[in-house]
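To keep things clear, I will list the structure first and then write my remarks on it.
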Amino acid sequence: MSFPEIASFIAWLCLAVSLLALCLTAINGLWMRKSARTEALETGTLVSVLVPARDEEEDIAACLDSLLAQRYQPMEIIVYDDDSSDKTAAILDSYASAWPEKLSVIHGKGLEPGWYGKPKAMQVLFEAARGKWLYYTDADTLHEPDSVGFSLALAGKFNSDLVSGYVQQRIGSLGEALVVPAMYLLSMFALPIGLVHHSSSPAISHAIGQSMLFKRSVLVKLGGFFLLKNKVSEDVHMARLIKRQKGRVLFADLKDHISCRMYEDYSSAIIGFSKNVYDYFGKKKSILIVATAGIAIVLLLPIVASLWLPSDFEVAQKIFRFSCLFMFDAWTLLILDRRLPWYLPFFYPVLLINVLSTAWRAARLFSTGRAVEWKGRMVR
């Protein structure tokens, strides 16, 4: 093959990937709309709302206020203070004193060997909860009054043992916008979200810890979170475990009911994603190398090639330009569906570079025996 023919082949490959991204984004947007058409419940069996919290003095009060305002009853709220070094513990104690019948606090005293912080917090909360349904949510989330009832309604409607989904991501700066939307890459390029519910394969699983509703009996069979004690992405791993137990997982649209601002600036977003992205690759450098090469060739190369190629490559250049157009359209669909900043499609190449850099940052640290520091703890 001549060089122009090779370039045309690569261009057609890039075009196919961009069309896949556009189609998957559209299909997943339709699934999100379908799952959103559900009426929230307001009463039923006891639900335990469980909140792991470490150094969350800026957000925990607003989170608890939104949970205490839930319309669904009966409900108990249990918060695990994971040995916080700020005012989180004092804030939690004041809420427990003001709402003794609705809210209780468990104060942790460090980690047991072999456990990461969040899995341990989730295990302690699991052991303390009394509800038939256990609803885990992060301490930096804000909830509409129907959020718990909505997840319960989804569990009943789709007969699911675990309900999770995309919440509304509140993005307050350009730096965050150049990192946080990387969480949607899976559903843009690899995963039809509806198949999470319809397929029994553990490989087709997804969950996000910002909102996870479990049927208690399923967690009892698994022994809680013991099998995930040293996992960073415990949410995704738990979804896979539940499917291996023949359970059913639903991933739905929660943006009208829950919101979250994950990070406050660019640097915290980079560090936060570093501890998760490489773990999602199974901490295997070989997979990371393949992912890096793939993104460079099929997602970044078309941008360069569409701007400049020798005259002999005119056909390939036209195809590359269509590839860029379809990719831009895919990101535009995403921002409309997820209510993200309007300017994101213009910056998606930077976002792709950032997500790869976070994974390589973690790989470099781990390979030298170091770790990612997060909230005063070292994560490997």
For this session: Let me know the shape class of the range 272-349, please: from the alpha-carbon gyration tensor, a ≥ b ≥ c as square roots of the eigenvalues, rounded when a/c is under 1.5, otherwise prolate if a/b is greater than b/c, or oblate.
Result: oblate
For this session: Quick one: what are the phi-derived ³J(HN,Hα) couplings along the range 227-235, Karplus 6.51/-1.76/1.60 with θ = phi - 60°, whole Hz, x for glycine and proline?
Result: 5, 10, 4, 10, 9, 7, 8, 5, 5
Exercise. Once the other residues with Cβ under 14 Å from the Cβ of S259 are scored (Lys, Arg +1; Asp, Glu -1), what is the net sum?
Worked result: -4
For this session: Fewest Cβ neighbours within 10 Å first, please rank M188, M122 accordingly.
Result: M188, M122
Exercise. What is the order of V180, V315, fewest Cβ neighbours within 10 Å to most?
Worked result: V315, V180
Problem set entry | Cα long-axis angle, helix 117-128 against the chain (0 to 90 degrees, to the nearest 10) | 40 degrees
Problem set entry | Taking the chain and dividing mean pair separation by its residue count, relative contact order in percent (alpha carbons under 8 Å, at least six apart) | 24 percent
For this session: Just subtract the alpha-carbon distance of D265 and W342 from 0.36 nm times their residue separation and send over the number in nm, one decimal.
Result: 25.9 nm
Problem set entry | Selection from G194, S286, G209, by position along the positive dipole direction of the chain (Cβ) | S286
Exercise. How many angstrom separate the Cα center of the range 86-124 from the Cα center of the range 339-368?
Worked result: 32 Å
Seminar exercise, completed: To the nearest 0.05, the calculated FRET efficiency linking A128 and R33 through their beta-carbon distance, R0 being 51 Å, is 0.90
For this session: Treat every Asp and Glu Cβ in the chain as -1 and every Lys and Arg Cβ as +1, leave all other atoms uncharged, and give the resulting dipole magnitude about the Cα centre to the nearest 20 debye.
Result: 1400 debye
Seminar exercise, completed: Per GNM of the chain with C-alpha springs under 10 angstrom, the most fluctuating residue out of Y263, Y80, Y95 is Y95
Exercise. What is the fewest-to-most order of K275, K284 by other Cβ atoms lying within 10 Å of their Cβ?
Worked result: K284, K275
Exercise. Taking the Cα atoms only, what angle lies between the long axis of helix 88-98 and the longest principal axis of the chain, rounded to 10 degrees?
Worked result: 50 degrees
Seminar exercise, completed: Placing one equal point scatterer on each C-alpha of the range 38-267 and summing with Debye, one gets log10 I(q)/I(0) at q = 0.14, 0.16, 0.17 Å⁻¹ equal to -0.88, -1.18, -1.34
Exercise. How far is helix 314-338 tilted, in degrees, relative to the longest principal axis of the Cα atoms in the chain, given as a value from 0 to 90 rounded to the nearest 10?
Worked result: 20 degrees
For this session: Could you work out which residue, out of A362, A293, A53, moves most in a Gaussian network model of the chain, that is, has the largest mean-square fluctuation with Cα springs under 10 Å?
Result: A293
Problem set entry | the range 200-254-the range 1-39 distance, computed between alpha-carbon centres (Å) | 28 Å
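Readers should treat all values here as calculations from the given coordinates under stated rules, not as data from a laboratory. Here the structure is a predicted model, which means the values were calculated and not measured. Every residue, glycine as well, gets a Cβ built from its backbone with ideal geometry; the counts of neighbours run over all protein chains shown.
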